Every structure is written in C-alpha cells, then in structure tokens.
There are 2 protein chains.
Amino acid sequence: MKNKQFLLAKRPVGEPTAENWDLVETDVPELGDKEILVKVNYISLDPAMRGWMNDGKSYIEPVQIGAVMRAGTVGQVIKSTDPAFEEGDYVYGGCGVQQYYAGTSQGFHKVDPRLAPLERYLGVLGMPGMTAYFGILDTGLPQPGETVVVSGAAGAVGSVVGQIAKIKGCRVVGIAGGQDKCDYLINELGFDEVVDYKNEEIHAGLKRTCPKGIDVYFDNVGGDILDAVLTRIRMKARIVVCGAISQYNNTESVKGPSNYLSLLVNRARMEGIVVFDNAANYGKAAAEMAGWIAEGKLKAKEHIVEGFENFPDTLMMLFRGENFGKLVLKAD
Amino acid sequence: MKNKQFLLAKRPVGEPTAENWDLVETDVPELGDKEILVKVNYISLDPAMRGWMNDGKSYIEPVQIGAVMRAGTVGQVIKSTDPAFEEGDYVYGGCGVQQYYAGTSQGFHKVDPRLAPLERYLGVLGMPGMTAYFGILDTGLPQPGETVVVSGAAGAVGSVVGQIAKIKGCRVVGIAGGQDKCDYLINELGFDEVVDYKNEEIHAGLKRTCPKGIDVYFDNVGGDILDAVLTRIRMKARIVVCGAISQYNNTESVKGPSNYLSLLVNRARMEGIVVFDNAANYGKAAAEMAGWIAEGKLKAKEHIVEGFENFPDTLMMLFRGENFGKLVLKAD
C-alpha cells in the first residue's frame, strides 16, 4: 500500500506554482499505540491554505517545509489501535493532502455518510459552514429587514452566510463572478439581489442593489470590493472580516481599505473572526443547520475535482474564482 | 460694534491655506425673537474642522462656501431675547469663527467660569473630553491590567483618553511628537510609557513599550502609526477610530491600513465613534470627570493662541503637531 503525498517544498512568493510542491510516494507507516489509519476520500481546498504556506505568526502555525500540506479531510478508518475508533468508521479530521493518514486521532470525529454525502462534511456541515454560522450570527448580528451583503457569495462560506441571513429575515445581496453563479444564488438559494463583479462595476452594482445602504457586510475577498462596500455602509454597520482572497497572493503589501474612515462617519465596526474559537459550540450549530437543511432552507453545493495529482492546479481555482460551491479534491 | 468673521471662501485641496478663507468685518446683527447675542471669548480648533471644509456626505453637513466657519466656542451673552439666557451668562455653543454670534440658542448651554477657566470648557470639559470619555470607555472597553495605546497623546482628546485608562487600572502608552510632550505625559499625566514618533521608529517604539502587545488602541492619527499598531495587537483587541489627522490633508486617497487582516488573525475589532451620539449622557460624563479633576486624577492643558486674525495659521498647528494640549484661539 503506497501513500501519495503533497509536501510543501518551498514557500511561495505570490501565486503558488508547481515548484512549491513535492509529490512523493511513501509507504503507509505502521500504527503505534492509540492511533488510527485513515484512507482519505475527500480533501478540502480552502483559501486559508495560502496563508498556512507563509512563514510567520498567524492564527495557526505555518506548515513546515518538507511537511505534508495541512488540509481538512474526510475518510474511512481502515485500521485502529485507538479504542475510540474502529475499522469502517468514517471520520472528519486533518489528514492533510495525502491518501493515507496514520497517527493520533486528536481533532478527529465521526461522520455519518447515511445522513449526508461525505464531501458535505467538508462544506456546509464542516468548517466553512461553521465559519459562516458563527461569523454571520455572532459578529454580523443581522436583524430582520436589514441589508446583508456577502462577497464570495457562491463559495463554501458565502453561500451559507447568505442563506442564514435570509433565514433571519434579512434582505440579502450576493457578490459573485459570472452569470452561472449569480443565477444559482437567485434561483436556487433565494438571494434577493446579486452583483456580478465580472460584468458590473462594483460601485454601480452596490448602488443598484443596496439603494438604502448596507447594514452587514461579510467579507471573504478584501481589496476593491471591501473599499466599495465601505462607501455604502449604514449607521452602526457591522463588517465581518472572514478573509481577503483577493490579497493572499499579493507580492506587494496588502491593499488596506482606503475608505476605512467610513467606519468613523457611520459609527461602524469591522471585526475579524476565526472559526476555531467556537469549537465548543460546533455541535449546537451543526444541529441547527441540519434542521434548516431538512426543512429545505439551507442548500449546499460541492465542486468535486478528481485526481489526487491535480492538487496544485485545483488549489489555484479558488484564487481565480473558478470553483462553484465548496471545492474538494477526490483523494484517489 | 463690528464683527470679524472667517468665511469659507473655497474648499481646500490638501492643506488649507490663506486663500481658503475670507476675513470680513460686518455689523453685529439685531436680535430677533428668542435669540442671543454672544461675545465670543475662545474658539476651539479641532482636527475635525478640516473635514467640515470638504464637500460631500459625512457625519455632519459641510460648511457652505461663503458661510462663517463652524467652530465650538465659549463666550458671554451680552444681549438676549431668549428667556433661557440672560445678559452676563457664560455659554458654550457653536458660534463659529467670529467675534460675535447672534441667533438661536439651540445647542448652547451655560458654563461656570468660577468652576474652571473658560477655555477648559472647550477641552476636557467640552467635546474633546466627551469624545475621550465615551470613546475609551464604551468602545475601547479597557480592563484593568490591559495595555492601552493612544496616539495624539498630548492632544485634547488623547491626553484625556490616557488619563481615563490609567484611572481604570490600565498600563498606558502614549504616542506623541517631541521630548516636551513626552516628558509631560510621563511626569504630569502619569502615563507608563511614551513613544516619541519624531525620534524613534514607530515599530521599534511599540515593541519596546508594548512587549506583550496592545489590547486597546485609541487612534487619532491613522496612517503609518495605525498600521504599526495593527502588527502588535493582542487577541480580541479593540481599536477605537476617533480620527486620522495624518490623512486629512491628503490630496491622494487616504492610506488604508495595510495590516487590517491582523483584525482577523487576532479576532480584533476596529470601530468608529462620533461624540454627538452620546449627547444624552454628557451630563453624567461631565460630573464624573469633574470628580476626577477635583481628586487630581485628571489634568488639563490648553494651548491658547492670541489674535483672531491668526486663525488660518493656528488651525494648521494641529496638522503639524505644533499644539501642546487643547488648541484654542482667543477671539478678541
């Protein structure tokens, strides 16, 4: 049994390319005491991975050079010396970008493929769903009737943010790139308005869709879109800083929001979130979201790419806005 | 009786210069019903005035071309047809940059020159004091033992912010320009540390004075100092956006904080404040601050410039960091 792995070969400057990765094949190691061997089924591809490739202090340790690239995964336990897991269990955990994981079960939990397709545990039922849930509810504080804008609206986090805001009685405007994504947001997910940033100037689009201004903005992209939103926020607006995918591959410094003094004029707030802070409440959130899914109020879409070797290119789809729904890589 | 006035002649591009103003002399108008005539004693000079000179939406209407420049003032009622005020009363109100004001008493209130020198009602007992009080307490939320950093620390707002944070049991670091100001902050106001940004590189200064990071930052200046602070904030830090004096005379767009993603990494918050929102609670705040002044815990300093005609140059002292304490212009 051989294990293909992607190791971080070199820290990227700007966009990650083939030379940042080493694809290697190793033996699947023997298990020690209280360990599990997992055959990986799906690998989660997330914008945050770009940050993990950088050196330096962040909310989580950087991936070391020569180490398996960090990734959330779902897979099946095929061997276990840990009494908490047995052969055949399906699990969520951080196996990394490889086909087999052998090691501690810390941070792993069981998932049930009869309740939802496995890949969904990487999306709406996984970290992106949790990020959306806690970010929009605890930091965005959406009130019925308010206008909520979300960027990256067809992505794993954004699509859930918008749907939760709809459930809470808000008017929801999504920002996404391309007609297909925009149609999906309106027709499938029930967004009230969309701005297709690839086909409409962003200021004009926000003026058209948010004539009375913006109460809550959930930001996944940063850059010019954040700056444009700042010109239209209402009094006491809340901006949730979840990410800034437009800036992650910058070789120059990040573009700070020039219009940040709009926070002053409008007594508004901009606040950062990291999903891990809510770990103690994941269960409660998952239960509530499962209820919404069952009622048909919360829909999910995954974008599955086949072929483990395609990892480097697949990751780049995120930064090119080419994924439509939660992006996952099939591991075999 | 003649009334000298400064009218806004032209909106500035960049730094205001002599050509932005018309100094005129008019007759003091007759009073209508329910009006007051005020002889202005002191005119408050504030960074916010630069914003009022611009066209466009802000938290307050712009000053119109040809109108008397807006300013907070203290003065004496010398004639009144308003039963709420009588001749001899000293008042705070928005008389503007002129020597006599005739008009409605809306927004005016009496002040008592026996309790404090008149000019103090433009500083610690006026809008700057209120801005500091509500900004640091309600938005900064300082906790005992936390590190609070304030920029423009020797100014009208910053000096009060730092002293209130000390009263609340915080470790207080002031950022100011020049040895005199820094000595004053340490020796007179009891700040724990200072960074003299004119004589020490700001990142180095913050590293030296905030080795464990920054819990609360009260920002009066924006620009590079805000960006440097963002690199040292602690988890759940609060940044109070009160002003950005370094940016007000920009002819290009405002420098947005490049390091704003530190808000994400540190789950931190950046929030704007405008003092007027707290008008209903000014009385309570003034009473508490008067108590601190009486106990010697809160000290005030005013920088008085003589000569009404010097208004244009005096205003520029703010942007050059030349004032030391609350800047006021004597009106006669």
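Throughout, read-outs are computed from the coordinates displayed, never taken from laboratory work. Predicted model, so just to flag it, every value in this text is computed and none were measured. Cβ atoms come from the backbone with ideal geometry, glycine included; neighbour counts cover every protein chain shown.
What are the nm distances, shortest first, from A:D183 to its equivalents in the other copies, labels at 7 Å along Cα→Cβ?
Shortest to longest, the spacings are 7.5 nm.
Under the Karplus relation 6.51 cos²θ - 1.76 cosθ + 1.60, θ = phi - 60°, what is the ordered set of whole-Hz ³J(HN,Hα) values for the stretch A:77-90, x standing for Gly and Pro?
3J(HN,Hα) across the stretch A:77-90, in whole Hz: 6, 10, 6, 8, 10, 10, x, 6, 10, 10, 3, x, 4, 8.
Ignoring the sites themselves, what is the longest stretch of chain A with no GluC sites (Glu not before Pro) in a DSSP loop and at most 15 other beta-carbon atoms within 10 Å?
Working: sites that count: A:E30, A:E86, A:E87, A:E201, A:E252, A:E295, A:E306, A:E322.
The segment A:88-200 is the longest one with no such site.
Which distances, shortest first and in nm, link B:R320 to the matching position in the other copies, using label points set 7 Å out along Cα to C-beta?
Label-point distances to the other copies, shortest first: 5.6 nm.
List the trypsin sites (Lys or Arg not before Pro) within the stretch A:9-91 that DSSP assigns to loop and that have no more than 12 neighbouring Cβ atoms inside 10 Å.
Taking the stretch A:9-91 and a limit of 12 other Cβ atoms within 10 Å, the loop trypsin sites (Lys or Arg not before Pro) found are A:K57.
In whole Hz, with x marking every Gly and Pro, tabulate ³J(HN,Hα) for the stretch A:137-154 from phi via Karplus 6.51 cos²θ - 1.76 cosθ + 1.60, θ = phi - 60°.
Ordered by residue, 3J(HN,Hα) equals 7, 7, 10, x, 6, x, 10, x, x, 6, 9, 10, 10, 10, 9, x, 5, 9 Hz.
Once the dipole of the protein assembly as shown is set up with Lys and Arg at +1 and Asp and Glu at -1 on Cβ about the Cα centre, which of B:F85, B:A102, A:I60 lies farthest towards its positive end?
Checking the options against the dipole of the protein assembly as shown, the answer is B:F85.
Please report the net charge: other residues with Cβ closer than 11 Å to the Cβ of B:G140, K and R +1, D and E -1. Don't jump to the answer; show the numbers that get you there.
Numbers: positive: B:K168, B:R238, B:R269; negative: B:D138, B:E146, B:D215, B:D219, B:E271.
With Lys, Arg at +1 and Asp, Glu at -1, the neighbours total -2.
Take the alpha carbon atoms of the stretch B:26-54, find their center, do the same for the stretch B:184-220, and report the distance between the two centers in whole angstrom.
37 Å
If you bin every alpha carbon distance in chain B into 20 Å steps from zero, what whole percent lands in each bin?
Percent of Cα pairs in each bin: 32, 57, 12, 0.
Quickly rank B:234-246, A:98-110, B:106-118, A:154-166 as a protection proxy: mean count of other C-beta atoms within 10 Å, highest first. Can you show the working numbers first?
Values: B:234-246: 23.4, A:98-110: 18.1, B:106-118: 14.0, A:154-166: 28.5.
Highest mean packing first, the order is A:154-166, B:234-246, A:98-110, B:106-118.
Which of the helices in chain B meet the span-like rule: DSSP H, Cα axial reach of 15 Å or more, Kyte-Doolittle mean at least 0.0? Display every interim value, and only then the final one.
Values: long enough: B:156-167 (17 Å, 1.35); B:282-294 (18 Å, 0.38).
Helices passing the filter in chain B: B:156-167, B:282-294.
In vacuum, with every alpha carbon of the protein assembly as shown counted as one equal point scatterer, what does the Debye formula give for log10 I(q)/I(0) at q = 0.05, 0.07 Å⁻¹? Two decimals, please.
-0.30, -0.55
Determine the shielding of peptide B:268-280 by partner chains: average, over its residues, the number of Cβ atoms on other chains within 10 angstrom of each Cβ. List each step's numbers first, then the result.
On the way: counts 4, 7, 11, 9, 14, 3, 5, 0, 1, 3, 0, 0, 0.
Mean inter-chain Cβ contacts per residue within 10 Å come to 4.
Quick one: with label points 7 Å out along Cα→Cβ, list the inter-copy distances for A:A204 in nm, shortest first?
For A:A204, the other copies' label points sit at 5.1 nm, shortest first.
Once you order the gyration tensor axes a ≥ b ≥ c over the Cα atoms, which shape class does the stretch A:167-270 get: rounded for a/c under 1.5, otherwise prolate or oblate by comparing a/b with b/c? Provide the component values of the computation, followed by the final result.
Working: a/c = 1.78, a/b = 1.17, b/c = 1.52.
It comes out oblate by the Cα gyration axes.
Could you identify the residue of B sitting closest to the B-A rotation axis by Cβ and state that distance rounded to whole angstrom?
B:G256, 2
Where Lys and Arg each count +1 and Asp and Glu each count -1, what net charge lies around A:S80 among other residues with Cβ under 15 Å from its Cβ?
Numbers: positive: A:K34, A:K39, A:K79, A:K110; negative: A:E30, A:D33, A:E35, A:D82, A:E86, A:E87, A:D89.
Net charge around A:S80: -3.
Taking the Cα centre of the protein assembly as shown as the origin, how large is its charge dipole in debye, to the nearest 20, when only Lys and Arg (+1) and Asp and Glu (-1) carry charge on their Cβ atoms?
Values: 70 positive and 84 negative charges, 171 e Å.
Using Cβ point charges on Lys, Arg, Asp and Glu, the protein assembly as shown gives about 820 debye.
Rounded to the nearest 20 debye, what is the charge dipole size of the stretch B:152-309 about its Cα centre when +1 sits on each Lys and Arg Cβ and -1 on each Asp and Glu Cβ? List each step's numbers first, then the result.
Values: 19 positive and 20 negative charges, 186 e Å.
In total the dipole reaches around 900 debye.
Counting only helical runs of four or more DSSP H residues, what would the 222 nm mean residue ellipticity of chain A come to if each run contributes -39,500 (n - 2.57) and the total is spread over all its residues?
Numbers: 9 runs with 72 residues, N = 332.
Computed ellipticity for chain A at 222 nm equals -6000 deg cm²/dmol.
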